[in-house]
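Working notes for the structure below.
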């Protein structure tokens with residue numbers, strides 16, 4: 001079925017949830033229309049794009065609950081909010097491993113809130129490729145704030161920091177060892193630390209440890225530490241206030257523009273790599289790669305020389 | 001310090017552990033010598049390369065203990081054994097998340113056993129790029145069997161299946177839900193199911209569930225199910241016997257040659273992609289990508305058109 005991209009994009013611009021959902025699906029599935037969708041979306045940018053907020057943390061710290069709390073806090077300010085929940089998914093089933101979106105149902109019928117789960121897939125450039133485009137759809141739909149929630153496992157943390165304007169690292173008390181282990185990493189990406197489950201034992205120790213870490217930061221922005229109890233909806237306004245301050249800092253320092261250019265560069269690179277990978281995939285059915293592989297197996301050539309031949313072939317296509 | 005690659009490779013061929021370790025380090029760190037190392041290693045192949053066995057499973061099923069048990073069983077057959085433990089590592093610390101290699105110390109002083117932990121890194125093509133080369137080093141060192149142990153999280157499972165001749169999926173009793181969730185995936189990659197901790201409750205149910213799954217397999221090789229208690233060194237010989245049968249099947253059916261060609265094709269592709277990525281990285285400091293990114297931010301162009309320009313630039317370098 002042909003997709004009427006211009007109509008779909010104008011409907012999304014008017015905030016029609018089904019159009020937004022459809023566009024994100026097309027983007028996520030790498031549909032042939034993606035190129036046209038992107039061109040349409042880029043053709044008319046909002047003067048003030050959405051504030052993109054990344055939220056990451058280990059399993060069990062309360063990411064979904066915290067996201068729901070932030071949505072509520074932003075809604076009380078009358079802002080239109082988008083949520084992208086990016087889950088590492090099994091490469092086999094294509095389904096998300098995490099499922100607990102129950103608390104989000106509070107917002108399920110609010111027409112000013114767009115919620116979308118995306119599977120990050122295992123494939124090359126998966127998150128880097130689809131997420132910026134999904135952000136662009138939500139931005140076009142008039143979201144003033146977009147929250148990207150991701151589980152903090154390995155590379156995903158790095159990715160989210162490169163996608164977001166502001167990155168929240170969520171922690172919970174009693175994770176002392178975790179903080180130690182992740183020290184360098186979370187300090188590098190966090191614009192804001194939120195210690196959730198602050199009604200539990202050990203919250204003081206966790207905050208103290210974070211304070212000691214943050215004291216070593218020599219960048220102009222020293223990440224603040226906010227405590228919350230998301231399950232009881234406590235602290236959401238403090239987080240929103242800290243995020244607003246960070247956004248001001250980003251704008252005033254020129255860092256916002258720098259981050260957005262870096263994000264665009266990442267996206268361009270991801271699209272280019274995907275295109276190149278597709279050229280390789282085209283060679284898969286081709287005799288050339290098969291012949292090269294057979295020569296490597298027999299020892300006639302080595303993989304580096306074979307790769308040179310392959311690159312020469314791709315460059316000439 | 002200059003590396004004398006030919007001497008290092010001949011020392012490794014004689015089974016000198018330090019030469020083997022050095023070569024794997026060079027490969028893992030993507031040293032400039034890797035191309036020469038690969039060429040040297042490929043120049044003289046053994047007629048009968050090592051049987052590469054992948055072992056994967058969720059955390060807690062006893063992968064390290066099982067690997068140690070298999071090493072022991074193969075050593076009793078007088079075989080030289082290599083072990084690659086591929087751990088998903090934090091992109092931040094560069095260190096491995098898993099550390100429990102205690103049981104492996106039984107073999108730490110055996111000159112016929114080569115054990116190596118590799119960090120899979122988060123970076124593009126990490127596992128796909130370094131592991132085949134590390135396998136080649138162990139193969140040159142005369143290993144008749146190479147075990148690759150990896151934690152079964154997401155993409156790693158897929159990778160290991162494409163790297164190994166035979167893939168063991170390790171399970172433990174009481175993981176019924178896990179089996180259900182992973183059904184399609186583990187059926188796709190497993191050449192052999194091992195239910196470890198078979199002295200625990202629920203082993204019958206797990207075996208029964210696996211049997212029902214395996215009954216649906218329509219490929220020529222139906223994965224056998226073996227039970228073990230690796231912590232008490234029970235069942236290692238059964239696993240080794242099942243692996244020998246699978247290897248016979250692979251050889252006789254032509255599947256072994258097919259898998260090795262596919263592996264070589266993957267490796268060639270990974271090397272080519274890494275080279276291309278390096279061309280992009282070279283453009284990072286360049287005005288071109290920066291200028292394109294700035295144009296995307298202002299809406300002058302869209303990322304797809306920018307990617308086209310970037311590709312044109314890379315193709316002309």
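The values are calculated or read from the model by the stated rules, or taken from the named source; none is laboratory data. Source: prediction; values computed, not measured. Note: ideal-geometry Cβ built from the backbone for every residue, glycine included; neighbour counts use all protein chains shown.
Those residues that are in a loop (DSSP other than H, G, I, E, B) and buried (at least 22 other Cβ atoms within 10 Å of the Cβ), I need them from the range B:1-58; list them, please.
B:50 - this is the single residue of the range B:1-58 that is in a loop (DSSP other than H, G, I, E, B) and buried (at least 22 other Cβ atoms within 10 Å of the Cβ).
Select, from B:200, B:211, the only residue that is assigned to a loop (DSSP other than H, G, I, E, B) and at pLDDT 90 or above.
Working: B:211 fails: assigned to a loop (DSSP other than H, G, I, E, B).
After applying the criteria, what remains is B:200.
Modelled with pLDDT of 90 or more, at the interface with chain B (Cβ under 10 Å from one of its Cβ atoms) and either out of contact with any strand residue (DSSP E or B) (no Cβ under 9 Å at 6 or more places or on another chain) or under 27 Å from residue B:307 (Cβ atoms) (or both): is that true of residue A:270 in this structure?
Criteria not met by residue A:270.
Would you confirm whether any residue within the range A:298-316 is at pLDDT below 85, surrounded by 13 or more Cβ atoms within 10 Å (Cβ to Cβ) and not in a helix (DSSP H, G or I)?
For the range A:298-316, residues at pLDDT below 85, surrounded by 13 or more Cβ atoms within 10 Å (Cβ to Cβ) and not in a helix (DSSP H, G or I): present.
For residue A:254, which of the numbered conditions (1) surrounded by 13 or more Cβ atoms within 10 Å (Cβ to Cβ); (2) modelled with pLDDT of 90 or more; (3) under 23 Å from the mean Cα position of the chain (by Cα) fails to hold?
Residue A:254 satisfies every listed condition except (1).
When the residues of the range A:73-94 are filtered to those that are in a loop (DSSP other than H, G, I, E, B) and in contact with a helix residue (DSSP H, G or I) (Cβ under 8 Å, 6 or more places away or on another chain), which remaining residue is modelled with the highest pLDDT?
A:77
Looking at the range B:203-232 only, could you name the residues that are over 18 Å from residue B:166 (Cα atoms), touching a residue at least 12 places away in the same chain (Cβ under 8 Å) and exposed (fewer than 15 other Cβ atoms within 10 Å of the Cβ)?
B:205, B:211, B:216, B:232
Would you point out the residue of the range B:164-191, among those that are surrounded by fewer than 18 Cβ atoms within 10 Å (Cβ to Cβ) and more than 17 Å from residue B:224 (Cα to Cα), that is modelled with the highest pLDDT?
Taking the candidates together, the pick is B:174.
Among B:257, B:275, which is without any contact (Cβ under 8 Å) to a residue 60 or more places away in the chain, within 30 Å of residue B:66 (Cα to Cα), facing chain A (nearest Cβ under 10 Å) and assigned to a helix (DSSP H, G or I)?
Numbers: B:275 fails: within 30 Å of residue B:66 (Cα to Cα).
Checking each option against the conditions leaves just B:257.
Tell me which residues, restricted to the range A:215-254, are touching a strand residue (DSSP E or B) at 6+ places or on another chain (Cβ under 7 Å), assigned to a helix (DSSP H, G or I) and closer than 22 Å to residue A:200 by Cα.
Step one: list which residues in the range A:215-254 are touching a strand residue (DSSP E or B) at 6+ places or on another chain (Cβ under 7 Å), which gives A:223-228, A:235, A:238-239, A:242-243, A:246-247.
Checking the rest, the ones that are also assigned to a helix (DSSP H, G or I) come to A:238-239, A:242-243, A:246-247.
Residues satisfying the conditions are A:238, A:239.
Does residue A:311 qualify as being in contact (Cβ under 8 Å) with a residue 12 or more places away in the chain and either within 14 Å of chain B (Cβ to nearest Cβ) or out of contact with any helix residue (DSSP H, G or I) (no Cβ under 6 Å at 6 or more places or on another chain) (or both)? Walk me through how you get there before you give the answer.
Numbers: in contact (Cβ under 8 Å) with a residue 12 or more places away in the chain: no; either within 14 Å of chain B (Cβ to nearest Cβ) or out of contact with any helix residue (DSSP H, G or I) (no Cβ under 6 Å at 6 or more places or on another chain) (or both): yes.
No, not satisfied.
Quick one: how many residues across the range A:59-72 are buried (at least 18 other Cβ atoms within 10 Å of the Cβ) and not in a helix (DSSP H, G or I)?
2
What are the residues in the range A:233-251 that are in contact with a helix residue (DSSP H, G or I) (Cβ under 9 Å, 6 or more places away or on another chain) and crowded, with 19+ Cβ neighbours inside 10 Å, if any?
Within the range A:233-251, A:235, A:236, A:239, A:240, A:243, A:250 meet the criteria.
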